[in-house]
Structure formats: structure tokens, C-alpha cells
1. Filter the range 71-123 down to the residues that are part of a loop (DSSP other than H, G, I, E, B) and either within 22 Å of residue 47 (Cβ to Cβ) or hydroxyl-bearing (Ser, Thr, Tyr) (or both) and list them by number.
2. Within the range 93-112, identify whether any single residue is surrounded by 14 or more Cβ atoms within 10 Å (Cβ to Cβ), free of Cβ contacts under 8 Å to residues at least 40 places away in the same chain and of a type in the set (S, T, N, Q), and answer yes or no.
Amino acid sequence: MFANHYDKLGNPYFEADGNVWEREVMPCDPDGYLPDDLVALPKPTWGSFPNNQPLSADEARTLLWRCAGEVGKAARYYKMPPQRLRAFLTHSSRIAAEFHEARERILDRAEEVLFEALFSDDPGRRDSAARYILTKSQSGRARFHALTDHLQLDPKAYRPVIRWVE
């Protein structure tokens, strides 16, 4: 196990079965997205991940976190078929929970950005954020704001007339 202390360099080498492997030191994480107990991955030196080499749950977890829950991207990084990594998601409740948490942290960050934009000093940014929230969010759709993209109001009519846009 490699403690992921972002301001310190870890030992980039480890030994397994008489072979010395080079590990990749974890990237800097100023936003606190990554957990600090991820393992450092060996740098892939193989053409494709060997079928006879076991993939540990800690490696699968680190791959998923580093790739923000994108299974295909994580598999490409380690040069393995995505099905092999998806097997961890299917058969390991721990890895499935980590995958879910990685995705949730991405959504939390996106919501933070929208919140910042909604209270920005820039009126254009505020308007864009408000429109996005009203038309695309679950809450906005629940209030039927999403329907306004498909409706047309006739401002010259005596009484408001609502028509569907063709």
C-alpha cells in the first residue's frame, strides 16, 4: 500500500516476485477529489495487461478514481479490456461503492460550479446558470420549466396564447 501524501514523494519502486516495478507517483490533487489512501500504480510497460497477472481490488479502485469513474478510460490507461475492469464493479461491492462515490464527487463539483455561476457578478453567467438549472435540472423539470423550450408565447395576442413550436 502506498500512502498518497500529495506534498511528499513516495518510493516509486516496489518489488514483487523478484521483479522491481516502477510505480507512478500520484498526481497533485488541490481540489481534494481523490481519496488520500489510493495505491500507486505500476507504470504500464506491457503491450496489454497480461491475462495471467491478477489485478488487485486496490489497483482497480485507483484506476477508477484517477479516471473519474470512466471505466473505458481506466482500462485504456492500464492497457486491458474494459470487461476485466467492469468485472470488479459487478463482483465487488467495495469497488462498486467507490465507483459510485467517484461519480458523485464529480456531480458535487459540477453543482458547486453552477452555484458559483448563479451568484456571479457577471449577469450573463448568472442568466446562463439560471436557465440551465431551470431547464435541465430535475427540480426545474419538476416545475415544468423545461417545457418552455418547446412553447411559443404570442406577445401581441389579447390573451396569452401558447403554441407548441414545430
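1. 78, 79, 80, 81, 92, 120
2. For the range 93-112, residues surrounded by 14 or more Cβ atoms within 10 Å (Cβ to Cβ), free of Cβ contacts under 8 Å to residues at least 40 places away in the same chain and of a type in the set (S, T, N, Q): absent.
Every read-out reported here was derived from the displayed coordinates using simple, explicitly stated rules and does not represent laboratory data. Remember, predicted model here, so these are calculated numbers, not experimental data. Cβ sites come from the backbone with ideal geometry, for glycine too, and all protein chains shown count toward neighbours.
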